[in-house]
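Notes follow once the structure below has been shown.
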Amino acid sequence: MEKPFAITLDVGSSLANKTGSWRTYRPRYGDRLPPCNNACPAGENIQGWLYHAESGDYEQAWRVLTQDNPMPAVMGRVCYHPCESKCNRGELDQSVGINSVERFLGDQAIKLGWKFAPPATASGKRVLVVGAGPSGLSAAYHLARLGHQVTIHEAGPLAGGMMRFGIPKYRLPRDVLEAEVQRILDLGVTLELNTKVENIEASMQAGGFDAAFLAVGAHIAKRAYIPAGGAAKLLDAMQVLRGMEDEEKPMLGRRVVVYGGGNTALDVARTAKRLGATDAIIVYRRTREKMPAHDFEVEEALQEGILIKWLSTIKNMSDEGTLTVERMELDATGFPQPTGEFETLEADSLVLALGQDVDLSLLNGVPGLEVEGGVVQVGPNMMTGRPGIFAGGDMVPSERTVTVGIGHGKKAARNIDAWLRGEVYTPAPKHELATFEKLNTWYYEDAPKTVQPTLDLIRRQSSFDEVVGGLNETNALFEARRCLSCGNCFECDNCYGVCPDNAVIKLGPGMRFEFNFDYCKGCGICSAECPCGAITMVPENA
Amino acid sequence: MTATVIKFYQTGTHTVGNRLLDPSQRSVQADMRRTNSLNSGHRACQGCGEALGARYAIDAAMQACDNQLIAANATGCLEVFSTPYPETSWQIPWIHSLFGNTAAVATGIAAALRVKGRSEVRVVAQGGDGGTTDIGFGCLSGMFERNDDVLYICYDNEAYMNTGVQRSSATPGAARTATTPAVGPAPGNVFGQGKSLPLIAMAHEIPYVATAIVSELRDLEAKVRRAMEIRGARYIHVFVPCPLGWGTRSDQTIAIARLAKETGIFPVIEAEHGELTAVSKIRKQRPVEDYLKPQRRFAHLFSPAVNTAAIAQIQALADRNIRRFGLVDAAAAAGAE
Ligand SMILES: Cc1cc2nc3c(=O)[nH]c(=O)nc-3n(C[C@H](O)[C@H](O)[C@H](O)COP(=O)(O)OP(=O)(O)OC[C@H]3O[C@@H](n4cnc5c(N)ncnc54)[C@H](O)[C@@H]3O)c2cc1C
Ligand SMILES: Cc1ncc(C[n+]2csc(CCOP(=O)(O)OP(=O)(O)O)c2C)c(N)n1
Ligand code: SF4
Ligand code: SF4
Ligand code: SF4
Ligand SMILES: [Mg+2]
């Protein structure tokens, strides 16, 4: 070819020049573990389901969520959301309202009748679940999805455990609970009500079960010795709350005193108020800071007119219902000490809310079992000392929440599944944590948290209507989009855009990105400018 | 700001793309079909802001004119690292002029196209700050004054980088360069010299003048798009950090640019026919130290002793920019208290 004046070579492309050879560090895409996921006792992939909710695909979001937790509508109401306390967005403005979006998804699923996909295979194995509380239901769900035949033996007349006979309706409407229980049963799980297991080994043998998961909860109310006259009305929290599910509601009178400082004490006092008590007073021996109840619940109770007497113990109760209360003082170690100062308090009834013990009678005579501090000991695989018998929820060492119970159920199911096949379940290794420092928060738009509506005070004091309202489709979408997607690529295209060397290859929607190491010089801009910290720079020859 | 501001989609318009946005609302750089006008294999340093700014600008210009674009390029890093004979990274018709005459070469191309009746083909001239504010200034002023139909883009890395970091009339006060060493009673470049080419361009009352910055891609692209809608002389001044000359980490190029804007050091503005029409507000105002500290060219301001006087002088210049161009929203300022 004829070349222009003073030109001897054809024009070539700089693609011949492999500048990737300059590199001493190389970028690597890798998902990190979002702190919310890490904090969820049920092991939910929160960032993962929020990702789908962000694009308005609520059904897919619900499906990802329910891979770990079958009861989002319940969880979205009663979970104490430790995920939100760890949410990175909390360091920016306020944490993402994970729990409220979860509730929205759960409610949406009920409204639109979404069902779980039936198990793909049948293992032919039979597993007995004892107790239809959250932990037992969760285990049943996961076992059923893994193809096992599950039967639940439940002592009570209805499923739900403490979700039905503990947590009051104004926090968890029963139709919500029933819908989510039914959906689990629809997977082919057999529920036998009014079937108390007296002896686990006998029940297993009789039913020909290959393994068992125990989740009987903790139902025996702890008592404190309080001398009381014969006519005095002394009850425990479990009696009161369980009684709320009967036709005849408990008769507590106008002046109700509740003794204890946990969430249960608050639930009882708030229930008493709704039953018509003019005075509902909680007596607790320590201070508000030391109270095991959650702050938001204390706040809601105070709003409803519950009175709380801090640093007080009850000495005795007379026939006429006069309580003698002693004022306490915290000592240097923060422990309450008596002061010898007394006062009196008039009460129509006194309800003890001092915690619960586990009824372990079904385990009598089972060899190899280890019980410590009133709870059954289990290994990291949730198995008791007796091979084939697993346990979880309130009856094993735990924080005693619905979420922990559900997490135990899932973990146990996976281990039971492996055990039934003669294998050992090994969980996938955890990714490195996506800490706040790994994010480039410049890129996120400012957005304050959506406030959930609450019922007006008058109705809160007089009815059992649900106190906290849900989000609607618009603000649920907004809330989901507040998620920073910590540690996990959300396809913002930043890396693709900011590379001065065009060394990032975009693979198309949903397929993420790749590096072109022929030309990547290892400058690290893509890593520095990834909003969510999904790109790490690693030494080239490592 | 010219860029459409999308209030909330998780990241709004701060990111390059965003899977939640309609493709029409994403940047040109998010598009898998972008020109990549400056292709891989160029020999710019790791993390070069100029390479990045040039691709941002030219890809946007290409999209705006249906790929009917010719570029003239002054001598400087952008030319040297992109086109070592016989290879080139440019995927557009591109000509290397001399160091000082790019504006004139572009004027000539525009004139030729006019003669040929090819009004759909557009012309861009581009060069570094040295080629623009110093040696090419006469040609550029002429191009402005005659209102030639050329978009001139200056990539300002605040010194003559290609030849080893010599001072230009865009080098800021106190900056150490090869010719303004950090020695003596007033180390680094002297204060009170140099010039602002955007303001000089505005004084020519040409149809369009804008400043842009590599950390604000959406704004940069919108400005190029706006410029391409207009005929006549147009000028865009893009602030491009240089890891080599400034002594910054290669991964900090965009972060440093962002700080230049957030401190008020570099005002991001827009003007038509000599009148200021828009400014890009500071989002989270920061003290100038945050901008200066990560740069080795300013290291002498912090050690062995902190040169509070020089830092105060730089802060005063930033404050002046903020005042002069209204870079801080009253509401944002109140929030920052
Ligand atoms: C008043 C109250 C409020 C609470 N509020 C919350 C809250 O808001 N959020 C939260 O996360 N947690 C809350 N909790 C704690 C939570 O309810 C429990 O941690 C959780 O229900 C434990 O689940 P589980 O499955 O282990 O046991 P349970 O829910 O107690 O269920 C055990 C089930 O086993 C059945 N059972 C017992 N023995 C036998 C047997 N021998 N044979 C067959 N069946 C048997 C029981 O009838 C019961 O249905 C609250 C607890 C109380 C008491
Ligand atoms: C007339 C003339 N003088 C000097 C040079 C040497 N020279 C080439 S590039 C350059 C500096 C370029 O600086 P700038 O325009 O700021 O671009 P940068 O390299 O910084 O991007 C110089 C001095 C030249 N090519 N021609
Ligand atoms: S921002 Fe999203 S991913 Fe990050 S912790 Fe919060 S909910 Fe999880
Ligand atoms: S920005 Fe480009 S060159 Fe730099 S490390 Fe990332 S892929 Fe490599
Ligand atoms: S920069 Fe954006 S697109 Fe790239 S890895 Fe990070 S989140 Fe994904
Ligand atoms: Mg320069």
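The values are calculated or read from the model by the stated rules, or taken from the named source; none is laboratory data. Because the structure is a prediction, the values reported are computed rather than measured. Here the Cβ positions follow ideal geometry from the backbone for every residue, glycine too, while neighbour counts run over all protein chains shown. Side chains included, ligands, DNA and RNA excluded: accessible areas come from the protein's heavy atoms. Shrake-Rupley method; radii C 1.70, N 1.55, O 1.52, S 1.80 Å.
A cut-off of 5 Å between modelled amide H atoms, ignoring neighbours fewer than 5 places along the same chain, links A:Arg26 with A:Val538, A:Glu540. If you look at the Cα atoms of segment A:353-437, you get an Rg and a Dmax of 15.3, 54 Å.
Counting only Cα atoms, chain B measures 62, 46, 39 Å along its principal axes, largest extent leading. Approximating the spin labels as points 7 Å out from Cα along Cα→Cβ, the A:Glu329-to-B:Gln193 distance works out to 7.7 nm. Helices in chain A, meaning DSSP H runs of at least 4 residues, each add -39500 (n - 2.57). Divided by all residues, the mean residue ellipticity at 222 nm is -8000 deg cm²/dmol.
Multiply the residue separation of A:Lys3 and A:Lys249 by 0.36 nm, subtract the distance between their alpha-carbon atoms, and state the gained length in nm to one decimal.
Working: separation 246, 0.36 × 246 = 88.56 nm, distance 10.09 nm.
Roughly 78.5 nm would be gained on extension.
When the dipole is taken about the Cα centre of the protein assembly as shown, and only Lys, Arg (+1) and Asp, Glu (-1) are charged at their Cβ, what size is it in debye, to the nearest 20? Please list the in-between numbers first.
Working: 89 positive and 98 negative charges, 344 e Å.
Using only the charged Cβ atoms, the result is roughly 1660 debye.
Stokes-Einstein diffusion of segment B:121-229 at 37 °C, 0.692 mPa s viscosity, Kirkwood radius from Cα pairs, rounded to a whole number: 217 µm²/s. Among the protein heavy atoms, those of A:Lys438 account for about 80 Å² of accessible surface (1.4 Å probe, every chain in place). 3J(HN,Hα) along segment A:58-71: 5, 5, 5, 4, 5, 5, 5, 4, 6, 5, 10, 9, x, 10 Hz, from the Karplus curve 6.51 cos²θ - 1.76 cosθ + 1.60 with θ = phi - 60°, whole Hz, x for Gly and Pro.
Counting only other chain Cβ atoms within 10 Å of each residue's Cβ, the peptide A:4-15 averages 4.
Please give the helix B:102-116 orientation as an angle from the longest Cα principal axis of chain B, in degrees from 0 to 90, rounded to the nearest 10. On a 0 to 90 degree scale, this one is about 20.
Could you calculate the FRET efficiency of A:Glu320 with A:Lys290 from 1/(1 + (r/R0)^6), where r is the beta carbon distance between them and R0 is 41 Å, rounded to 0.05?
Working: r = 32 Å, r/R0 = 0.78.
E between A:Glu320 and A:Lys290, to the nearest 0.05, is 0.80.
Determine the distance separating the Cα centre of segment A:16-75 from the Cα centre of segment B:85-153; give it in Å without decimals. Result: 48 Å between the Cα centres.
Counting other Cβ atoms within 10 Å, keep those with at most 12, restrict to DSSP loop, and tell me which GluC sites (Glu not before Pro) in segment A:149-255 are left. For GluC sites (Glu not before Pro) across segment A:149-255 that sit outside H, G, I, E and B with at most 12 neighbouring Cβ atoms in 10 Å, the list reads A:Glu198, A:Glu247, A:Glu248. The figure for A:Phe296 is an accessible area of roughly 90 square angstrom, using a 1.4 Å probe on the protein chains alone.
Computed from the C-beta positions of A:Arg28 and A:Asp57 and an R0 of 30 Å, the FRET efficiency is 0.55 to the nearest 0.05. Here's the picture: a label point sits 7 Å out from the Cα of A:Glu432 along the beta-carbon direction, and within segment A:478-514 the residues with their amide nitrogen under 13 Å of it are A:487.
A Förster radius of 60 Å, combined with the Cβ-Cβ distance separating A:Glu346 from A:Thr190, puts the computed FRET efficiency at roughly 0.75. As a length-normalised measure over Cα pairs under 8 Å and 6 or more apart, the relative contact order of segment A:353-416 settles at 25 percent. When B:Val165, B:Val224 are compared by accessible surface with a 1.4 Å probe, the order from highest to lowest is B:Val165, B:Val224.
The mean number of partner chain beta-carbon atoms within 10 angstrom of a residue's beta-carbon across peptide A:519-529 is 6. Count Lys and Arg as plus one, Asp and Glu as minus one, and take only other residues whose Cβ is under 14 Å from that of A:Asn199; the net charge is then -1.
In the protein assembly as shown, with Lys and Arg counted as +1 and Asp and Glu as -1 at Cβ, which of these residues, A:Met238, B:Thr263, A:Val256, has the Cα nearest the positive end of the dipole, that is, farthest along it? Working it through, the farthest residue towards the positive pole turns out to be B:Thr263. Between helix A:134-145 and chain A there is an angle of about 40 degrees, using the helix long axis and the longest principal axis of the Cα atoms. Ordered by 1.4 Å accessible area with all protein chains kept, A:Lys86, B:Lys284 run largest first as A:Lys86, B:Lys284.
The candidates A:Arg327, A:Arg171, A:Arg28, arranged from most to least accessible area with a 1.4 Å probe in the full protein assembly, appear as A:Arg28, A:Arg327, A:Arg171. When nucleic acids and ligands are ignored and a 1.4 Å probe is applied, A:Lys430 ends up with an accessible area of around 150 Å².
Placing a pseudo-label 7 Å from each Cα along the Cα-to-Cβ vector at A:Asp93 and A:Ala16 gives an inter-label distance of 5.4 nm. 3J(HN,Hα) along segment A:72-87, derived from phi through the Karplus expression 6.51 cos²θ - 1.76 cosθ + 1.60 where θ = phi - 60°, amounts to x, 5, 6, 4, x, 10, 10, 5, 7, 5, x, 4, 5, 5, 9, 4 Hz, with x in place of Gly and Pro.
State to the nearest 20 debye the size of the charge dipole of segment B:188-251 about its Cα centre, where the only charges are +1 on K and R beta carbons and -1 on D and E beta carbons. Let's see the in-between values first.
Values: 8 positive and 6 negative charges, 25 e Å.
The calculation lands at about 120 debye.
The charge dipole of chain B, taken about its Cα centre with unit charges on the Cβ of Lys, Arg, Asp and Glu (plus for the first two, minus for the last two), comes to roughly 360 debye.
Only Cα pairs under 8 Å and at least 6 apart count here; give the relative contact order of chain B as a rounded whole percent. Display every interim value, and only then the final one.
Numbers: 686 pairs, mean separation 54.2, N = 337.
Taking the mean separation of contacting Cα pairs over the length of chain B, I get 16 percent.
Antiparallel beta bridges, as assigned by DSSP with both residues in the protein assembly as shown, represent about 35 percent of the total such bridges.
What does the structure give for B:34-46 when I average, per residue, the other chain Cβ atoms found within 10 Å of the residue Cβ?
Numbers: counts 4, 0, 1, 0, 4, 6, 17, 14, 9, 5, 5, 4, 13.
Rounded to a whole number, the mean comes out at 6.
Taking a ≥ b ≥ c as the square roots of the eigenvalues of the Cα gyration tensor, an a/c ratio of 1.5 or more together with a/b larger than b/c marks the protein assembly as shown as prolate.
The spacing between segment B:228-264 and segment A:163-208, judged by their C-alpha centroids, is 64 Å.
Pairwise Cα distances in segment B:1-159 exceed 23 Å for 43 percent of all pairs. Annotation for segment B:304-321 versus segment A:117-138: alpha-carbon center distance of 70 Å. Each of A:Ala447, A:Asn475, A:Cys489 was scored by the projection of its Cα onto the charge dipole of segment A:402-542, and the greatest displacement toward the positive side belongs to A:Asn475; charges sit on the C-beta of Lys, Arg, Asp and Glu.
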